[in-house]
Amino acid sequence: MCGCGTERAVIVHNRYMFRLQYRPDAALVLLEESYAAEIYAIVNHDREYLAEWLPWVDVTHSPADIVVFIRRSLEQLARNEGFHAGILYDGQVRGTVGLKTIDWSNRKVEIGYWLAAGYQGKGLMTDACRAIVDYAFREWRLHRIEIRVAVGNRRSAAIPERLGFALEGTHRQAQRLRERWLDMQVFGLLAEHWKP
Ligand SMILES: CC(C)(COP(=O)(O)OP(=O)(O)OC[C@H]1O[C@@H](n2cnc3c(N)ncnc32)[C@H](O)[C@@H]1OP(=O)(O)O)[C@@H](O)C(=O)NCCC(=O)NCCS
């Protein structure tokens with residue numbers, strides 16, 4: 001599961017707890033309110049870098065805004081519609097990766113993510129997405145996973161590419177960001193094509 005070996009992920013979860021040590025130096029942990037200040041500090045420090053691609057950054061003005069997001073994410077988990085996790089590296093949250101609401105009728109879901117600028121280049125997000133994709137196909141028996149990336153966001157597009165997603169098409173002007181419209185590339189992966 002760690003991307004550098006064949007061992008199975010150590011995963012502990014129930015309604016209120018989730019931890020996945022997805023490689024020796026990094027874990028996914030369920031986002032809880034206690035992480036709000038840490039996450040806000042990253043968002044504030046890396047504001048311009050994150051706002052280049054993430055519309056929510058410009059409307060995030062305090063840790064309280066992160067608390068609202070975390071509460072929604074815990075409600076989503078309680079409804080069994082997926083979760084958002086923090087990426088713990090060196091003992092601190094360095095980014096998040098999350099599932100949009102799972103569409104159980106069609107057994108599909110979309111993944112979204114971001115990393116603190118200083119923690120790029122280590123494979124943290126590719127490995128985190130690999131762990132989540134594997135979990136979603138193996139444990140939840142989902143059929144399809146999507147990742148949507150704005151045209152031009154090369155670092156982000158490289159993640160589904162590394163994991164074997166297919167580029168299925170581009171939705172024109174599908175996201176509004178700072179007075180401009182972004183074209184969004186849709187990457188998809190089917191369970192039958194997943195190589196754990
Ligand atoms: C998108 C984003 C998460 C990508 O971060 P990233 O560090 O490039 O992605 P990863 O953590 O998977 O790391 C991959 C990099 O680490 C290197 N790497 C090192 N060890 C690796 C490993 N075990 N596996 C994969 N890559 C590894 C890769 O070569 C790559 O570096 P390169 O681009 O210089 O070749 C980050 O740029 C980000 O948060 N951007 C702002 C927000 C954003 O755009 N979010 C996505 C919206 S769709």
LEU142 long-range amide H proximity, modeled H, under 5 Å: PHE137
What helix-only [θ] at 222 nm does the chain give? Using -39500 (n - 2.57) per DSSP H run of at least 4, over all residues, to the nearest 500, the answer is -8500 deg cm²/dmol
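In what order do MET125, MET17 fall by count of nearby beta-carbon atoms within 10 Å, going from fewest to most? Show your work: numbers first, answer last.
Details: MET125 24, MET17 10.
Neighbour counts put them in this order, fewest first: MET17, MET125.
Loop-only check: which trypsin sites (Lys or Arg not before Pro) in region 43-96 are DSSP coil with at most 13 other Cβ within 10 angstrom? Write out the running numbers ahead of the final one.
Working: sites: ARG47, ARG71, ARG72, ARG79, ARG94; in loops: ARG79.
Answer in residue order: ARG79.
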Compute the projected area of the convex hull of the Cα atoms of the chain, averaged over all viewing directions, and report it in nm² to one decimal place. 10.6 nm²
Just for the Cα atoms in region 131-181, what are the lengths along the principal axes, largest first, rounded to whole Å? 41, 19, 18
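Among ASP90, ASP65, rank each residue by its count of other Cβ atoms within 10 Å, from fewest to most, as a rough exposure measure.
Working: ASP90 8, ASP65 16.
If I rank by nearby Cβ atoms, fewest first, I get ASP90, ASP65.
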Considering only C-alpha atoms, what is the centroid distance from region 87-112 to region 144-196, in Å? 15 Å
Determine ³J(HN,Hα), in whole Hz, for all residues of region 87-103 in sequence, where each value follows from phi through the Karplus function 6.51 cos²θ - 1.76 cosθ + 1.60 and θ = phi - 60°; x replaces Gly and Pro. 9, 9, 9, 6, x, 9, 5, 10, x, 9, 9, x, 9, 5, 3, 5, 8
Table column - 3J(HN,Hα) (Hz), region 104-111, Karplus curve with 6.51, -1.76, 1.60, x for Gly and Pro: 5, 4, 9, 6, 9, 7, 10, 9
Taking region 107-147, which trypsin sites (Lys or Arg not before Pro) meet the DSSP loop condition and have no more than 13 other C-beta atoms within 10 Å? ARG141
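So if a site counts as exposed when it's one of the GluC sites (Glu not before Pro), its DSSP state isn't H, G, I, E or B, and it has at most 11 other Cβ atoms within 10 Å, what's the longest stretch of the chain without one? The partial results should precede the final answer.
On the way: sites that count: GLU7, GLU139, GLU179.
That would be 8-138.
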Quick one: grab Rg to one decimal and Dmax as a whole number for region 45-86, Cα atoms only, in Å. 12.0, 34
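Each value in this text was obtained by applying a stated rule to the coordinates, not by laboratory testing. Keep in mind the model is a prediction, meaning the values are calculated, not measured. Backbone-built Cβ (ideal geometry, glycine too); neighbour counts: all protein chains shown.
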